[in-house]
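A short worksheet on the structure shown next.
The values are calculated or read from the model by the stated rules, or taken from the named source; none is laboratory data. Fair warning: this is a prediction, and the values are worked out from it, not measured in the lab. Cβ placement follows ideal geometry from the backbone for every residue including glycine, while neighbour counts extend to all protein chains displayed.
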């Protein structure tokens, strides 16, 4: 005997309808909607073209948003891409020992060693900032003429160097009674002061010391 439709037997599951969007994605559904808007001649009317443009706009916005999301997840934009730059460097600076000028008019050379104490790779291509101070005054040391900084990468524990060259002063009016030297390593924090034990420095003018500083370079060059 056949079971009636109202019997207690299990009915076959009813699957939900599949829309154009579900089967082919948003773009496929939009294309089919646009096709239905066309008249018999195959040319959409003015109002239909307006509606079709309205459908396309969300697609463009969605694609743009997806592209921006991928860029943000890539990890190459913003500050993350600069983690190995010199701005993250932790360095130790050692002034001297130098080839001191012992008499007025003599030229002396003071090497300065910069060691990477941080975990990041540090890359320098610059002159350091150098300022002599003493007696309540200060004098900025000029960069070495015609010298050009080269790229200097430093891994943890590696060192670079630069040289301060100066002419010994005679203690007179055109002499800077320097007691400290203030050094700024580009990208490695604020300036720090160190003792200057190499005597007075001759002045070209009241505010210009007869001294220069070379670029940061690989130690030993």
Residues of region 141-184 classified as closer than 15 Å to residue 94 by Cβ and either in a loop (DSSP other than H, G, I, E, B) or not assigned by TED's automatic domain parsing to the domain that holds residue 197 (or both), total = 2
Evaluation of residue 178 against (1) at pLDDT 95 or above; (2) touching a helix residue (DSSP H, G or I) at 6+ places or on another chain (Cβ under 6 Å) (one fails), failing number = (2)
Failed item in (1) part of a strand (DSSP E or B); (2) under 22 Å from residue 219 (Cβ atoms), with residue 120 passing the rest | (1)
